[in-house]
1. Only one of these conditions is not met by residue 95: (1) at pLDDT 85 or above; (2) surrounded by 13 or more Cβ atoms within 10 Å (Cβ to Cβ); (3) charged (D, E, K, R). Which number is it?
2. Tally the residues that are charged (D, E, K, R) and either touching a residue at least 12 places away in the same chain (Cβ under 8 Å) or over 21 Å from residue 118 (Cα atoms) (or both), restricting the search to the range 86-105.
3. Take the conditions assigned to a helix (DSSP H, G or I), acidic (Asp, Glu), free of Cβ contacts under 8 Å to residues at least 12 places away in the same chain and out of contact with any Ser or Thr (no Cβ under 8 Å at 6 or more places or on another chain) and apply them to residue 83. Does it pass?
4. Give the residue that is farthest from residue 116 (Cα to Cα), with candidates limited to residues of the range 40-51 that are assigned to a helix (DSSP H, G or I) and over 16 Å from the mean Cα position of the chain (by Cα).
5. Going residue by residue through the range 52-70, is there one that turns out to be over 17 Å from the mean Cα position of the chain (by Cα), assigned to a helix (DSSP H, G or I) and of a type in the set (Gly, Ala, Ser)?
6. Filter the range 90-129 down to residues that are more than 19 Å from the chain's Cα centre (by Cα) and hydroxyl-bearing (Ser, Thr, Tyr) and give me whichever is nearest to residue 68 (Cα to Cα).
7. Return the residues of the range 98-129 that are surrounded by 13 or more Cβ atoms within 10 Å (Cβ to Cβ), part of a helix (DSSP H, G or I) and not charged (D, E, K, R); say none if nothing qualifies.
8. Determine the pairs where a residue that is touching a residue at least 40 places away in the same chain (Cβ under 8 Å) and polar (S, T, N, Q), located within the range 43-71, has a partner that is part of a helix (DSSP H, G or I) and surrounded by 14 or more Cβ atoms within 10 Å (Cβ to Cβ) with Cβ atoms under 6 Å apart, the partner being 6 or more residues away or on another chain.
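The values are calculated or read from the model by the stated rules, or taken from the named source; none is laboratory data. Computed from a predicted structure; not experimentally measured. Please note: Cβ atoms are built from the backbone with ideal geometry, for glycine as well, and neighbour counts cover all protein chains shown.
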Amino acid sequence: MCLTGAADARTLLRLVQSVPSARAGYERIKETADPEIALNRLRELRKKHGRPAKRTEQRMLGRETRIRLTGYWKDHEVREGMESAVLNSIIHEERAGLSVREHKSLKGLKTRNLRCRMSGAELIFTSLA
């Protein structure tokens with residue numbers, strides 16, 4: 001026969017946090033319940049890395065817009081993968097006049113995310129597109 005015990009979330013996470021490489025914790029669970037905590041942590045982290053607050057807000061707005069667009073596509077049965085990639089490419093090309101590949105080449109990017117190297121104006125126009 002095997003004896004088992006029970007613990008609440010805080011106790012379990014205290015055990016996980018005792019492992020030096022563990023980054024999960026009670027704070028992350030609180031972020032799930034209140035996403036504003038996670039957003040504030042992201043703002044502080046980007047500020048700590050020297051990123052301007054205005055740029056951080058633009059990136060966050062762009063991400064929210066992409067999430068909404070993806071949700072809209074899902075509701076209208078656009079499949080993830082090729083279909084959504086094609087739609088994204090069309091939107092990008094209409095907005096920028098360049099394909100994603102051409103735009104990355106113009107900026108000298110091989111593996112980096114194109115949004116990381118967009119100007120403020122480009123981010124705004126991408127959100128509007």
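1. All conditions are met except number (1).
2. Result for the range 86-105: 2.
3. yes
4. So in the range 40-51, the residues assigned to a helix (DSSP H, G or I) come out as 40-48.
The next check asks that each one be over 16 Å from the mean Cα position of the chain (by Cα); those that pass are 47-48.
On the way: 47: 15, 48: 17 Å.
Residue satisfying both the conditions and the ranking: 48.
5. Looking through the range 52-70, none of the residues is over 17 Å from the mean Cα position of the chain (by Cα), assigned to a helix (DSSP H, G or I) and of a type in the set (Gly, Ala, Ser).
6. 99
7. Hits for the range 98-129 are 100, 103, 114, 123, 124, 125, 126, 127.
8. From the range 43-71, the pairs are 58/123; 65/127.
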